[in-house]
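One structure below.
The values are calculated or read from the model by the stated rules, or taken from the named source; none is laboratory data. Everything numeric in this text was worked out from a predicted model, so none of it was measured. All Cβ positions, glycine included, derive from the backbone under ideal geometry; neighbour counts span all protein chains shown. Calculation scope for accessible area: heavy atoms of the full protein, side chains included, ligands and nucleic acids excluded. Shrake-Rupley method; radii C 1.70, N 1.55, O 1.52, S 1.80 Å.
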Amino acid sequence: MRPTNRLENRDRRRLLHAVGAGLAAGMSASTAGCLASMPTLGQQIRYADVDVPEAGDPIYREWVPARSALEHTDGGWRTVRAATPNDMGADVVGTTDPLPGQTVKARLDHLGVGYENYDHVVSVGPVVVCLGPFDAALVRETLLESDYEDVGAYHGYDLFERTDLTRGVAVRDGTVLFRQRAADSGPVDPTDLEVVIDAEAGRVPRRADEDEDFDAVARATGSHPTVQLFEGWGPIVEELSEAFSARNSSMVYAYDEECVYHRSVCLFEEGAGLTSREVEDVLADRNAAVEAHGVEVTIDEPYLWVDIRETHEDFRSRVGDDRRYPQITWGVDAGGAGFTVSHDGGDPVDADRLTLFPDSRSRVDPGIEPQFGDEFDVVESGDSLTVESFESEPEDSIALLYSPPGTNDGTVMARFVPDRVARDGE
């Protein structure tokens with residue numbers, strides 16, 4: 001729920017603007033593309049009401065286990081990402097999904113349904129939950145055709161695994177959980193999948209049950225085409241951490257027929273005395289709000305809202321025309337001094353978008369030959385690339401990077417340590 005004292009905050013904000021305060025806000029590369037950090041000297045911010053489209057219910061809360069249920073993990077699964085892949089606005093906005101949804105897609109194996117057909121996707125820790133109107137039989141058939149093995153069942157879910165890049169799947173009608181690929185090979189520890197299944201069913205506590213701050217931000221944020229929830233300050237205002245303690249925050253992408261919207265919701269310590277001027281000072285070096293169609297900052301302690309509105313045209317010019325990532329089941333076999341990477345199902349991909357490189361080397365000078373682009377124009381199901389030898393440090397992992405057209409960035413679709421990948425037939 002938005003605060004009720006918006007007029008009071010808006011009057012204070014415009015007064016600050018009148019005495020020369022500037023506000024600029026930029027979305028991070030993980031949210032809506034790379035931006036220059038320094039605005040052009042003398043540019044002014046267009047202050048205005050920014051009416052972000054109404055949020056849906058935060059159903060992702062149901063799938064996030066409490067910390068007390070994650071004793072088997074080290075990191076606590078801090079960041080939660082959620083998306084509505086079948087409602088991203090590509091037809092309306094004129095370009096593809098923003099990056100949070102696409103990078104989650106790139107880490108999924110090909111499961112037969114197609115990412116754009118899911119109603120909701122939730123990423124928490126190493127587990128991705130996909131919800132939609134599909135039959136489990138379609139997923140089962142796809143998995144068995146791409147070298148997954150049936151390894152039993154758990155509370156109504158069928159379980160599958162692949163052991164080259166350790167990964168697991170749990171599926172029932174309308175729900176599939178994917179345990180993301182690990183660099184090592186071997187049997188899957190089903191605990192990660194089971195604890196997420198148990199959280200949704202109420203057999204273990206959810207984070208929203210035990211963490212009031214997480215629950216508050218999730219409810220204040222709701223569901224949008226993409227949502228990211230963080231501990232502490234989100235990327236858009238992370239510099240505030242030097243003076244103020246934030247408990248939880250979120251970042252949102254939304255759209256309507258005219259504009260694209262970016263929202264940050266931050267829950268900070270009560271009594272901290274955070275002011276609009278301090279927020280503006282922190283955001284002044286970010287470029288997106290200087291160029292935005294409208295910016296609104298609202299403080300209703302202990303909440304901070306930063307809302308940015310831009311036109312479809314401006315959004316397209318920033319993110320490019322085609323940021324879509326492929327969804328592929330990758331296979332790896334290692335033997336001797338080399339390894340083989342195979343496309344075992346899913347989308348075809350332009351070969352020159354793929355780069356194999358060791359962690360100790362640059363993707364510009366990977367020290368691996370051949371690359372996919374040396375042998376293929378398009379890599380599709382059934383194709384494979386064999387590398388006889390390569391230059392790397394001991395225990396280096398090999399990354400398979402996909403770079404979208406027109407960008408210098410990308411995401412790692414698979415990672416493996418050749419010495420830890422099961423040999424063919426073992």
L35, sole failed condition from (1) under 30 Å from A399 (Cβ atoms); (2) among the aliphatic types (A, V, I, L, M); (3) modelled with pLDDT of 95 or more: (3)
Top-ranked residue of region 203-256 - restricted to ones that are of a type in the set (A, V, I, L, M) and touching an Asp or Glu at 6+ places or on another chain (Cβ under 8 Å), ranked as most open to solvent (accessible area, probe 1.4 Å): A243
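Test D91 against the stated conditions and say whether it is more than 24 Å from G125 (Cα to Cα), open to solvent by 50 Å² or more (accessible area, probe 1.4 Å), at pLDDT 90 or above and not in a strand (DSSP E or B). If you could, list the steps in order and put the result at the bottom.
Numbers: more than 24 Å from G125 (Cα to Cα): yes; open to solvent by 50 Å² or more (accessible area, probe 1.4 Å): yes; at pLDDT 90 or above: no; not in a strand (DSSP E or B): yes.
Answer is no for this residue.
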Leading residue by the ranking (nearest to V128 (Cα to Cα)) among those in region 162-183 that are in contact with a strand residue (DSSP E or B) (Cβ under 8 Å, 6 or more places away or on another chain), open to solvent by 30 Å² or more (accessible area, probe 1.4 Å) and among the charged types (D, E, K, R): R179
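Looking at this structure, is G42 modelled with pLDDT of 95 or more, at positive phi and open to solvent by 20 Å² or more (accessible area, probe 1.4 Å)?
Values: modelled with pLDDT of 95 or more: no; at positive phi: yes; open to solvent by 20 Å² or more (accessible area, probe 1.4 Å): yes.
Here the answer is no, as G42 does not meet what is asked.
Specify which of the listed residues (V151, V139) is more than 21 Å from E62 (Cα to Cα), aliphatic (A, V, I, L, M), in contact with a Leu (Cβ under 6 Å, 6 or more places away or on another chain) and open to solvent by 60 Å² or more (accessible area, probe 1.4 Å). Step through it out loud before you land on a result.
On the way: V139 fails: open to solvent by 60 Å² or more (accessible area, probe 1.4 Å).
One residue alone meets the criteria, V151.
When you scan region 186-204, how many residues do you find that are of a type in the set (D, E, K, R) and touching a helix residue (DSSP H, G or I) at 6+ places or on another chain (Cβ under 9 Å)?
The first filter runs over region 186-204 and keeps only residues of a type in the set (D, E, K, R), leaving 189, 192, 194, 198, 200, 203.
This time we only want the ones that are touching a helix residue (DSSP H, G or I) at 6+ places or on another chain (Cβ under 9 Å), so: 198, 200, 203.
Count: 3.
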Single unsatisfied condition, G186 versus (1) closer than 30 Å to Y261 by Cα; (2) at pLDDT below 95: (1)
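Looking for whichever is touching a Pro at 6+ places or on another chain (Cβ under 6 Å) and assigned to a helix (DSSP H, G or I) here; the options are A208, A218, A254. Which one fits?
Details: A208 fails: touching a Pro at 6+ places or on another chain (Cβ under 6 Å); A254 fails: assigned to a helix (DSSP H, G or I).
Answer to the check: A218.
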Helices (runs of 4 or more DSSP H) completely within region 257-362 that count 2 or more residues being open to solvent by 10 Å² or more (accessible area, probe 1.4 Å) and in contact with a His (Cβ under 9 Å, 6 or more places away or on another chain): none
